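Engineer: The structure is given below, and queries will be raised subsequently.
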Amino acid sequence: MRKLIILICLVFANNILFAQITTKIEAESGTLTNGAAKVTDAARSGGAYVATNTGDISISVTLTADTYYDMYVYVAAPNGDKTQNFVIDGNSSTFSLINNASYIRLKVATFVKLATGTHTIKITNNWGWINVDYIEMTSIDPATRFNTTASLVTPSPTAGTNCVYSYLKTNYGNHIISGVMTLDVLNGSAALPLYSQAEVKFLYDQTGKYPALVGFDFMHATGLNTDQQWYKDYTNATITMATELWNKGGIPEFTWHWKDPTKNDASFYANGSTPTSFKLSSAFTSTACTTWNTASTAYKAIVTDIDIIAGYLKQLQTNGVTVMWRPLHEAAGGWFWWGASGSTACKNLYQLEFDRLVNYHGLKNLIWIWTYEPSEDGTWYPGDSYVDIVGRDIYKDGDHTSQILEFNNINALHNTKIVTLSECGSFPAVTNITNDGAAWSWFMPWYGNYTTNATYNTVALWKEIMTSSYGITLDEMPGWANYCVANAAPTVSITLPANNATFTTPATVTINATAADADGTVSKVDFYNGSTLLGSDATSPYSYSWTGVAAGTDTIKAIATDNKGATTTSSLIIITIKKTQTIALVAGWNLISFNVQPTDSTVATIFSGLGTNLQTVKTADAFYAPSQTAVYNSLVKIKRGDAYLVKVTSAQSLSVTGTMLKTNAYALKTGWNMVGFPQQASLSIATATTGITSLFVSTKNFDGFYIKGGTANSLTNFDPGKGYFLKVSGVASISW
């Protein structure tokens, strides 16, 4: 019988209480086939584990509610480095283990959406020969799934490039953009018309729709033989066709199969039947590949090629065209020379290319795409400041699942980036995409048979996705001339609370705002205290209930975001949260102080709640007695930082409401001083007197005494609400 252990943890996400549930499923509870075997082991959870050998594990799980999960396996690889397949309802991904006999908790899938009903989880053979103790499913809050970066990594990108990125963000998770890769772009020496290009034409002939995104390649722009006319004609044709696509409202994507920069051969592969002899490591000062050898032939050749590509990209920028730019794709796979020298060399090359194109050549029309590989170990990624979109190239022939595990794993690593299916053989069926919530931004099958042959993608599947309301085709694009008009920013103002409003702890502050957008819609209103996000509201009327607000002064603002990403910040609203200080008084004399400043600081008002129990309030140089004529009372108002001797006839509780006092400097005269302690929390006497250590002698009140260097001190702290006699050997100033 399967053993389920459920742990519940309450977490706060966007101020909504979310119940996190962890479910443990013993591996040996599943169906074991093809040689997988249960092994009894008292040290393992459930008293056993599964040795997969060359076999598989299959487990059925029944859910009573739609839930998103992170998935973990508790595994060991005592037989060497291994890779296995993790499969949920036919969606598969791989996970890798290094040689280790100890068990580890390994995340194998994230943000998996599982609907109510029965699901099948499998661990299937790849390299095999691992030990599996159990599978763990942890529910997660769907509200935390996406946190897409607001702006592009290129400083001051063109308006059109910002516009394309805004369009991608708007449709991310709501639609998938259709795409296709091209090969033949020439008609003799001239560019083919876009609609005559083989892959583009095939899709229209079969579905009545053109793809919205079309891929091109700079493969013939650099390297051996590129001085020949055909190579020049080919690259020029890609520029012509990309411009035509843009003018029709489409999105051009460029890949660069970068041939040997030194032109010793015409290959870009690092292995196989025709590998290049070029080594990226030869452009560095050492095999560590941390510092470029700018005098090397390899480095100079690399820069020359980048500069050539910059020329073509500048043509597109001049034409007003934005480019989805995908350099150094599939690097971590190691089959191209730009990845064969390791992650450090590749990352440096990517960053060099970015710097050369963006900062040296001033290109502002690129949206930068990093192509992720499952073999990445965390050292390959160029960094968030160099990447706008993270892509994944997937070739699983005939597999039309949503690839949700692949999507979620990338999204978990790069939550602030749009994630896309930058290349594929067989694309996911649109029903699988929507059912699983796989939010790929676009998909782009490779050219030739991958597009046209039913082995990879049937016409029926093409028709389904191209005519689906979820898929976007060229005719459904808004047209950049229409979409990229100057966007009017939204308006926003806070209607509640009023500026300079006051509250008393424990405070609940309701923040209401009005927001509108003249040429679109308001996507959300974010509410802030200073720079801290309090919460968001996506529907009008826009409101946020801020609970448990601590005493102090707060600056509230609202930021409205429209459907194209434009934002407007409201006028600032200042609110004050007052605190009530309660001081216990004993019968007779008390030495007290205040850590709040009331609106009315007159002694008569502050102590009025004590009634006839109050006899006298005095300081070192003034007094107040409620029984005598007011004109004779020399103590009229309390003063911050002062202490007060208060005499009452019986034990009382004195409550004072006001704003919290902030740290201030107070003058001390030589000898004894009667001082208050205006802080909000206790502070050790040694710490509080650090600034006057050489002059501080002692302190005392009705509770005890403290002598510097003494061994029998009965006081250790200065406490809020208390007053003190403090002795110094010279004129001083204390800050508290």
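We did not get these values from a lab; they are worked out from the coordinates using the rules stated. Just so it is clear, the structure is predicted and the values come from calculations on it, not from any experiment. Heads up, the Cβs are rebuilt from the backbone with ideal geometry, glycines too, and the neighbour counts pull from every protein chain shown.
Engineer: What does the convex hull of the Cα atoms come to per residue for region 165-285, in Å³? Each step should come with its number before you reach the end.
Structural biologist: Details: hull volume 20.4 nm³, N = 121.
Spread over its residues, the Cα hull of region 165-285 gives 168 Å³ apiece.
Engineer: Taking only Cα atoms of region 159-483, what ratio of Rg to Rh do you get with Rh as the Kirkwood inverse-distance radius? If you can, show how the numbers build up before the last one.
Structural biologist: Details: Rg = 18.9 Å, Rh = 20.0 Å.
Rg/Rh: 0.95.
Engineer: For region 607-682, which semi-axes, largest first and in whole Å, follow from the square roots of 5 times the eigenvalues of its Cα gyration tensor?
Structural biologist: Sorted largest first and rounded, they come to 23, 17, 12 Å.
Engineer: Another question about this same structure. Taking 8 Å as the Cα distance limit and 6 or more residues as the minimum spacing, I'd like the relative contact order of the chain as a percentage. Could you put the intermediate results ahead of the total?
Structural biologist: Details: 1748 pairs, mean separation 66.9, N = 736.
Relative contact order of the chain: 9 percent.
Engineer: What order do you get for ARG326, ARG392 when you list them from fewest to most C-beta neighbours inside 10 Å?
Structural biologist: Working: ARG326 26, ARG392 21.
With the fewest neighbours first, ARG326, ARG392 line up as ARG392, ARG326.
Engineer: Over every pair of different alpha-carbon atoms in region 46-191, take the mean of 1/r and invert it; report that Kirkwood radius in Å. If you can, show how the numbers build up before the last one.
Structural biologist: Working: mean 1/r = 0.0526 Å⁻¹.
Kirkwood radius, region 46-191: 19.0 Å.
Engineer: Using the Cβ atoms and a cut-off under 10 Å, what net charge is assigned to the surroundings of VAL419, where Lys and Arg are +1 and Asp and Glu are -1? Display every interim value, and only then the final one.
Structural biologist: Working: positive: ARG392, LYS417; negative: GLU406.
Local charge sum for VAL419: +1.
Engineer: Restricting the count to DSSP beta bridges whose residues both fall in region 159-483, what percent are antiparallel, rounded to a multiple of 5?
Structural biologist: On the way: 5 of 35 bridges.
Bridges in region 159-483 are about 15 percent antiparallel.
Engineer: Fully extended, how many nm does the chain gain between THR170 and TRP589 (0.36 nm per residue separation, minus their Cα-Cα distance)?
Structural biologist: Details: separation 419, 0.36 × 419 = 150.84 nm, distance 6.94 nm.
Contour length minus Cα-Cα distance gives 143.9 nm.
Engineer: Assuming a viscosity of 0.692 mPa s and a temperature of 37 °C, what translational diffusion coefficient in µm² per second does Stokes-Einstein assign to region 586-735, Rh being the Kirkwood radius over Cα pairs? Intermediate results must be reported in sequence, preceding the final value.
Structural biologist: Working: Rh = 16.1 Å.
Here the translational diffusion coefficient equals 204 µm²/s.
Engineer: Helix-only estimate, please: 222 nm mean residue ellipticity of the chain, summing -39500 (n - 2.57) across DSSP H runs of length 4 or more and dividing by its residues, to the nearest 500. Walk me through the numbers before you get to the answer.
Structural biologist: Numbers: 13 runs with 122 residues, N = 736.
Rounded to the nearest 500, the figure is -5000 deg cm²/dmol.
Engineer: Per residue of region 64-76, in order, report the coupling 6.51 cos²θ - 1.76 cosθ + 1.60 (Karplus, θ = phi - 60°) as ³J(HN,Hα) in whole Hz, putting x for Gly and Pro.
Structural biologist: 9, 8, 5, 8, 9, 10, 9, 10, 10, 10, 9, 9, 9
Engineer: If you take every residue apart from ALA489 with its C-beta less than 13 Å away from the C-beta of ALA489, what net charge results, scoring Lys and Arg +1 and Asp and Glu -1? Don't skip to the answer; put the middle values down first.
Structural biologist: Values: positive: LYS564; negative: ASP517, ASP519, ASP562.
Residues close to ALA489 contribute a combined charge of -2.
Engineer: What aspartates and glutamates could a cross-link reach from LYS107, if we take a straight Cα to Cα line under 12 Å and drop same-chain neighbours fewer than 8 places away?
Structural biologist: Reachable aspartates and glutamates: ASP70, GLU136.
Engineer: Another question, if that's okay. Can you give the extra length, in nm with one decimal, that the chain gains between GLN229 and SER601 once fully stretched, where that is 0.36 nm per residue apart less the Cα-Cα distance? Write out the running numbers ahead of the final one.
Structural biologist: Details: separation 372, 0.36 × 372 = 133.92 nm, distance 8.98 nm.
Between GLN229 and SER601, full extension yields an extra 124.9 nm.
Engineer: Along its principal axes, what span do the Cα atoms of region 271-325 show, with the longest given first and each in whole Å?
Structural biologist: The Cα atoms of region 271-325 stretch 41, 31, 17 Å along their principal axes.
Engineer: Greater than 27 Å separation of Cα atoms is the criterion. Which listed pairs, LYS662/LYS700; LYS232/LYS396; LYS113/LYS248; LYS578/LYS722, meet it?
Structural biologist: Values: LYS662/LYS700 24 Å; LYS232/LYS396 34 Å; LYS113/LYS248 37 Å; LYS578/LYS722 20 Å.
Table pairs above 27 Å Cα-Cα are LYS232/LYS396; LYS113/LYS248.
Engineer: How far apart, in nanometres, would the label points at ILE21 and LEU63 be if each is projected 7 angstrom from Cα along the Cα-to-Cβ direction?
Structural biologist: Label-label distance for ILE21 and LEU63, simple model: 1.0 nm.
Engineer: Just list whichever of LYS639/LYS669; LYS417/LYS557; LYS300/LYS364 have alpha carbons separated by over 19 Å in the model shown. Please list the in-between numbers first.
Structural biologist: Working: LYS639/LYS669 17 Å; LYS417/LYS557 27 Å; LYS300/LYS364 24 Å.
As for pairs spanning more than 19 Å Cα to Cα, those are LYS417/LYS557; LYS300/LYS364.
Engineer: Further, regarding this structure: With r as the distance between the Cβ atoms of SER627 and SER545 and R0 = 45 Å, compute the FRET efficiency 1/(1 + (r/R0)^6) and round to 0.05.
Structural biologist: Working: r = 48 Å, r/R0 = 1.07.
For SER545 and SER627, the calculated efficiency is 0.40.
Engineer: Expressed in nm², what is the orientationally averaged projection area of the convex hull enclosing the Cα positions of the chain? Before the final figure, lay out each step's value.
Structural biologist: Values: hull surface 180.7 nm².
Average projection, Cα convex hull of the chain: 45.2 nm².
Engineer: Ok, one more. If you restrict to DSSP beta bridges whose two residues both lie in region 4-144, what percentage is antiparallel, to the nearest 5? Before the final figure, lay out each step's value.
Structural biologist: Details: 60 of 60 bridges.
Expressed as a percentage, antiparallel bridges in region 4-144 total about 100.
Engineer: Tally the DSSP beta bridges in the chain and give the antiparallel ones as a percent, rounded to 5. Don't skip to the end; give the middle numbers.
Structural biologist: Working: 140 of 174 bridges.
Percent antiparallel among DSSP bridges in the chain is about 80.
Engineer: Could you line up PHE623, PHE284 from fewest to most neighbouring Cβ atoms inside 10 Å?
Structural biologist: On the way: PHE623 16, PHE284 22.
Arranged by neighbour count, lowest to highest, PHE623, PHE284 become PHE623, PHE284.
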